[in-house]
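To start, the structure itself, in structure tokens.
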């Protein structure tokens with residue numbers, strides 16, 4: 001039988017060469033194709049090797065297991081195609097015929113065991129969401145939005161059976177005594193309807209909708225609700241007990257397995273009810289869009305994609321990006337003693353129904369990509385079992401021969417899953433984006449190919465995100481699985497197709513990789529930060545003597561580091577250590593990037609204001625920070641230029657550079673001059689007149705001290721220190737002692753000068 005674990009199909013460990021070695025081989029081949037030395041380029045790789053990778057593509061007649069293996073899937077037959085866009089519900093008659101409720105015309109179709117179908121009942125409402133078979137073979141049909149139940153005999157003759165005050169009949173179930181129970185919305189009431197059609201309120205759920213009904217072996221009614229999504233157990237006397245209070249908006253389906261374990265499919269979201277009229281909405285029923293033609297492939301969305309970029313012989317990949325999308329749905333298992341577990345959830349797929357394969361494995365029907373998953377293993381892991389030719393798989397049925405049927409929406413069709421594998425299956429990757437027009441290298445793949453089976457791989461390329469008739473034609477099949485040169489033309493996007501053919505278990509595809517070399521793009525220097533003069537940063541985690549970030553391979557006179565509190569705020573620099581102050585040093589930092597992710601080196605140039613020629617300060621700097629010893633140049637206004645080059649990652653003659661000039665900044669390492677004019681005593685005070693002059697920077701601060709410890713400020717005679725030359729008159733109470741007064745002047749570049757004013761001689 002097909003629906004059992006496929007662990008036996010895993011290739012032997014020695015059947016798969018190490019992926020790193022394979023990527024290195026592909027890298028070598030790419031370098032030979034490009035005609036450049038191996039270390040002079042930065043090739044990258046598109047790779048699919050996990051289930052999440054492969055689920056990004058489209059499959060037809062293939063399964064994808066939790067190990068990321070593509071195998072021939074079950075053969076699927078189209079049993080019956082209706083004219084309705086939506087098939088909502090499905091029940092079987094004792095003779096093996098299937099009744100299918102539809103929308104948007106509110107019809108019921110009958111499909112016999114041979115697959116011959118016809119219209120069985122046509123209501124005046126728009127939707128048939130609920131069907132149930134009575135012991136006397138009478139079919140009950142629940143319709144919406146009128147909230148009516150019809151009784152239809154085996155010949156198709158219908159009579160109104162029950163009418164509620166609710167808009168929707170979501171679920172029907174018949175107990176052992178022939179009583180019909182109806183779950184409704186938008187009041188969430190459950191009605192008990194006797195065989196004669198007289199109905200009473202059985203239970204009010206305090207939810208907006210009663211969406212799913214079934215009975216356990218003890219005769220208790222199990223109810224799934226919507227807004228909120230709960231599972232209730234209600235005894236024959238109407239006493240309810242909450243089995244599950246889920247975080248989801250709706251419990252869409254309830255199913256018991258052969259052991260009496262209950263499974264609940266839960267989902268989130270609100271969608272239109274499939275044309276229920278008047279803009280009415282139904283919680284996450286498939287959206288009533290215009291019917292679309294069948295899509296004979298899986299288009300599976302997944303939370304992340306594995307892209308491996310390889311430089312040299314080593315592969316590297318960044319951490320997966322956090323997926324912040326909300327969860328669309330989940331499946332719960334509720335044991336007979338009430339203990340429950342969540343078995344599965346997805347941010348991509350909404351579960352509409354569940355069933356079980358002959359081995360007891362859980363199968364989940366989902367939308368909006370029409371995927372069927374099987375949970376197997378310990379712990380349980382999902383396998384993409386098959387893909388329907390429709391957007392939603394809405395309902396399951398398994399016949400006496402254990403054959404699985406499923407109904408779909410968008411469009412409305414009935415399919416049967418065979419117990420045999422398909423003889424032929426196709427996988428198409430999503431259009432892989434190289435970000436720019438690129439040269440394709442080699443494509444290689446790994447797997448097992450039994451006798452009588454084969455794997456064929458093809459490629460095509462184009463410059464539009466979605467493949468269309470402007471793309472190249474599919475290539476010929478590539479013969480060498482260890483690495484064949486991609487023949488598709490240079491372009492931004494690449495897509496590959498794998499075709500698996502065989503009998504029985506057939507071939508297994510485990511990974512595929514395609515190499516590419518991007519067109520070289522110019523690096524860009526985004527910003528330059530000129531830190532305040534003297535501010536430097538110790539390297540983080542340094543040992544021994546302090547090391548200054550960006551000050552490698554430079555010499556400077558011994559300097560005493562004075563601690564400075566704080567760290568740079570809003571910095572986009574590499575991680576730096578403690579900030580300190582060192583006179584005469586100027587820290588330059590910059591941010592640059594390269595869209596090819598090439599390795600960059602930097603040349604740092606400078607010029608003085610008024611000069612037109614740039615002079616080289618440092619060449620081939622590898623870090624984006626540099627400390628300049630400015631005592632080696634005259635005072636003045638300066639500019640720096642950062643030139644970024646991607647030469648380490650590109651061949652000679654193909655490397656590109658990008659550059660950026662800084663804003664102007666000052667260099668001044670000369671202290672101001674203090675000239676004392678006179679020292680005199682006048683009316684009991686000592687008056688000292690002096691001038692402070694700086695050849696480049698404004699005078700910032702002047703202080704005096706009589707003991708060398710306490711310093712007090714002095715203001716210029718014009719009241720503000722804002723120019724390079726200032727005049728001061730300092731008045732000190734009393735006469736000076738023999739120590740005199742020490743004057744200290746600081747310019748705006750933190751250059752400091754001192755002078756001594758002696759006490760005047762007494763006559």
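Residues in region 633-651 that are in contact (Cβ under 8 Å) with a residue 60 or more places away in the chain and surrounded by fewer than 17 Cβ atoms within 10 Å (Cβ to Cβ): 636, 651. Within region 215-270, the residues that satisfy the criterion of being in a strand (DSSP E or B) and loosely packed, with under 14 Cβ neighbours inside 10 Å are 241, 242, 245. All conditions in (1) under 27 Å from the mean Cα position of the chain (by Cα); (2) within 30 Å of residue 119 (Cα to Cα) hold for residue 416, with the sole exception of (1). Of the residues making up region 424-435, one or more are closer than 30 Å to residue 518 by Cβ, in a strand (DSSP E or B) and over 26 Å from the mean Cα position of the chain (by Cα).
Report yes if residue 384 is modelled with pLDDT under 95, touching a strand residue (DSSP E or B) at 6+ places or on another chain (Cβ under 7 Å) and in the same structural domain as residue 90 (by TED's automatic domain parsing), otherwise no. Yes, satisfied. The condition of being modelled with pLDDT under 95, at negative phi, more than 44 Å from the chain's Cα centre (by Cα) and surrounded by fewer than 16 Cβ atoms within 10 Å (Cβ to Cβ) holds for only one of 558, 593, that being 558.
Consider residue 466 carefully, then state whether it is surrounded by fewer than 22 Cβ atoms within 10 Å (Cβ to Cβ), part of a loop (DSSP other than H, G, I, E, B) and out of contact with any strand residue (DSSP E or B) (no Cβ under 8 Å at 6 or more places or on another chain). Yes; evaluated as a whole, the condition is true for this residue. Just one of the numbered conditions (1) outside any strand (DSSP E or B); (2) touching a strand residue (DSSP E or B) at 6+ places or on another chain (Cβ under 7 Å) is not true of residue 730: (1).
Quick one: in region 446-463, of everything that is assigned to a loop (DSSP other than H, G, I, E, B) and in contact with a strand residue (DSSP E or B) (Cβ under 7 Å, 6 or more places away or on another chain), which residue is surrounded by the fewest Cβ atoms within 10 Å (Cβ to Cβ)?
Pass one, region 446-463, residues assigned to a loop (DSSP other than H, G, I, E, B): 449-453, 463.
If we keep only those that are in contact with a strand residue (DSSP E or B) (Cβ under 7 Å, 6 or more places away or on another chain) too, we end up with 449, 453, 463.
On the way: 449: 18, 453: 19, 463: 12.
Looking at the filtered set, the residue picked out is 463.
Residues that are closer than 21 Å to residue 749 by Cβ, in contact with a strand residue (DSSP E or B) (Cβ under 7 Å, 6 or more places away or on another chain), without any contact (Cβ under 8 Å) to a residue 60 or more places away in the chain and not in a strand (DSSP E or B) within region 594-632 comprise just one, 609. In the set (1) in a loop (DSSP other than H, G, I, E, B); (2) at pLDDT 95 or above, the condition left unmet by residue 212 is number (1).
Within the span defined as region 671-690, one or more residues are surrounded by 13 or more Cβ atoms within 10 Å (Cβ to Cβ), at pLDDT 90 or above, in a loop (DSSP other than H, G, I, E, B) and touching a strand residue (DSSP E or B) at 6+ places or on another chain (Cβ under 7 Å).
The values are calculated or read from the model by the stated rules, or taken from the named source; none is laboratory data. Computed from a prediction, not measured in an experiment: that's the story for all the values here. Every residue, glycine as well, gets a Cβ built from its backbone with ideal geometry; the counts of neighbours run over all protein chains shown.
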